[in-house]
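The structure appears right after this line, and notes come after that.
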Amino acid sequence: MICDVCKDKSATVYLTQIVEGQMQKVNLCEECAKSKGVTDPTGFALADLLLGLGSEKKIVRSNEERRCPTCNFTQSDFKKTGRLGCSDCYGVFGEGLGHLLKAMHKGIRHVGKVPERLATAKTFVDRVDELKHRLKIAIKDENYEEAARLRDLVQKAEAEFSERQQ
């Protein structure tokens, strides 16, 4: 493959980036890779290189880097580590994070996970609460046969759950 920048030498560095569902590839010779800062992880941004190769979009850079007032974290720190410094960083650097998080995860909102045994316990508690509620209604309505059946179901459910916990 030929270098996409100098169009002369053989490419030895191959970069691929997916932006908004579109895959963009850049092939560089070693000399062009060094001149574009590819070998320097702090100074290289693939988006800058791709934009410089023919896109009309321009990246506006200010001399002063955005900084989190809480933890003093910068955009460069985020690029280096791939992590944010604190919870306030999400607000400070929030503009570009949405697309980045969508590309990395299923969504942009963290919903968490529930451990399986806790989910089982919650399901059990909900089930027993519903049975006890129905039992109270049956007793209030003087439907004693239904109340006895529901009482037996509550006892059975509690016994099953305590067996699982052991």
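The values are calculated or read from the model by the stated rules, or taken from the named source; none is laboratory data. Remember, it's a predicted structure, so these values are computed and weren't measured experimentally. All Cβ positions, even for glycine, are placed from backbone atoms using ideal geometry, and neighbour counts span all protein chains on display.
Overview of results
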read-out: Inter-residue pairs, beta-carbon under 6 Å, first surrounded by fewer than 17 Cβ atoms within 10 Å (Cβ to Cβ) and in the stretch 78-98, second not polar (S, T, N, Q), 6+ apart; value: Cys86/Cys71; Asp88/Cys68; Gly98/Ile108
read-out: Within the stretch 56-79, tally of residues that are in contact with a helix residue (DSSP H, G or I) (Cβ under 8 Å, 6 or more places away or on another chain) and modelled with pLDDT of 50 or more; value: 9
read-out: Count - residues of the stretch 16-32 that are within 20 Å of Ser76 (Cβ to Cβ) and at pLDDT 75 or above; value: 0
read-out: Evaluation of Lys113 against (1) under 30 Å from Lys156 (Cα atoms); (2) modelled with pLDDT of 70 or more; (3) in a helix (DSSP H, G or I) (one fails), failing number; value: (3)
